Amino acid sequence: MPLSSRHLLGLQGVPKEDIQLILDTALTFREVLERPIKKVPTLQGKTIVNLFYESSTRTRISFELAEKRLSADAINFSVSGSSVSKGETFKDTIKNIEAMKVDMVVVRHAAAGTPLFLTKISNANIINAGDGIHEHPTQALLDMYSIREKFGKIAGLKVCIVGDIAHSRVALSNIFGLITMGAKVSVCGPSTMIPKYIEDLGVQVIYNIDEAIQENDILNVLRIQLERKAREYFPSIREYAKYFGIDRARLEKNKKSIVIMHPGPINRGVELSSDIADGEHQIILQQVTNGVAVRMAVLYLLGTVN
């Protein structure tokens, strides 16, 4: 059964059947990762370029590992040391890479819409690994997989996304995906970090973190993106941690058992205290492991069926 598109650009408008297929396929690949030999020949002969114009650790390594687990030939493109530093345009870079007969491109770029642009100039399958403040679909998919793994379902669960909603591509993809799969989604953060029309997407806005803890089953806590000048949206890091940071004292005060997620990297002592980041409430490292399985599923479904 193929996906409805030969690209994965985001989760907005992606049908429930596609998301379900990816999550179900990821379950099979998650089992592969537990084997002594964690490799299958599924994409043998396929060439995949990881085109990362922004810094990344988890996403880039996760995609590269997923590609190698599927026996694909993975090529990592680095802006530094490439002809981009000599003035080559993005379009010319892509055209030259495609002339080498690549099959798939995984792209991360600071400009929103870059993956969509690639579909106009390339015949390869395009996977969005994060474009500006637009979307990050595979992160949302691995988050949903982790939720389903933990609870056995997604529909009916209450999930609150906490932090810098306005600048987060993770938040937007999670909102689209979770609502499609039947979850009840809310967002929580400083008013300066909540987009004005966010409720039009079908989410509830909460401005008090204690209320968010009381009303939800899961908190998906986002990183404060200091590199995107997020510090300009609240008085100080210390104040943000005081009013929106999650620590053990806050959870004990609310007497609530809640699951904590985080896409990483964590600003310890800001959005999460170390005892929470390493504690029994979090499933952060499970998210990382599941990310490889989910990306294997996406690569497989696009590379073999579409």
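Some notes on this structure:
- Matching residues in the stretch 1-37 - criterion: being touching a helix residue (DSSP H, G or I) at 6+ places or on another chain (Cβ under 6 Å), touching a residue at least 24 places away in the same chain (Cβ under 8 Å) and more than 14 Å from Ala297 (Cβ to Cβ): His7, Leu9, Gly10, Leu11, Gln12, Lys16
- The set of residues from the stretch 282-306 being surrounded by 18 or more Cβ atoms within 10 Å (Cβ to Cβ) and without any contact (Cβ under 8 Å) to a residue 60 or more places away in the chain comprises Gln282, Ile284.
- Of the criteria (1) part of a helix (DSSP H, G or I); (2) out of contact with any strand residue (DSSP E or B) (no Cβ under 6 Å at 6 or more places or on another chain), which one Leu178 fails: (2)
- Selection of the stretch 1-46 for residues being among the β-branched types (Val, Ile, Thr), over 18 Å from the mean Cα position of the chain (by Cα), surrounded by 17 or more Cβ atoms within 10 Å (Cβ to Cβ) and not in a helix (DSSP H, G or I) yields only Thr42.
- Filter result (out of contact with any strand residue (DSSP E or B) (no Cβ under 6 Å at 6 or more places or on another chain) and touching a residue at least 12 places away in the same chain (Cβ under 8 Å)) within the stretch 259-276: Pro263, Gly264, Pro265, Asn267, Gly269, Val270, Ser273, Asp275
- Qualifying residue in the stretch 90-101 (condition: in contact with a Leu (Cβ under 7 Å, 6 or more places away or on another chain) and either of a type outside the set (A, V, I, L, M, F, W, C) or in contact (Cβ under 8 Å) with a residue 60 or more places away in the chain (or both)): no
- Only one entry of Ile224, Ile218 meets the criterion of being at pLDDT 95 or above and either of a type in the set (A, V, I, L, M, F, W, C) or within 17 Å of Leu11 (Cβ to Cβ) (or both), and that entry is Ile218.
- All conditions but one from (1) assigned to a loop (DSSP other than H, G, I, E, B); (2) free of Cβ contacts under 8 Å to residues at least 40 places away in the same chain; (3) surrounded by 24 or more Cβ atoms within 10 Å (Cβ to Cβ); (4) not hydroxyl-bearing (Ser, Thr, Tyr) apply to Val187; the one that does not is (1).
The values are calculated or read from the model by the stated rules, or taken from the named source; none is laboratory data. Keep in mind that this is a model prediction, so the values were computed, not measured. Here the Cβ is made from the backbone with ideal geometry for all residues, glycine too, and neighbour counts use every protein chain on show.
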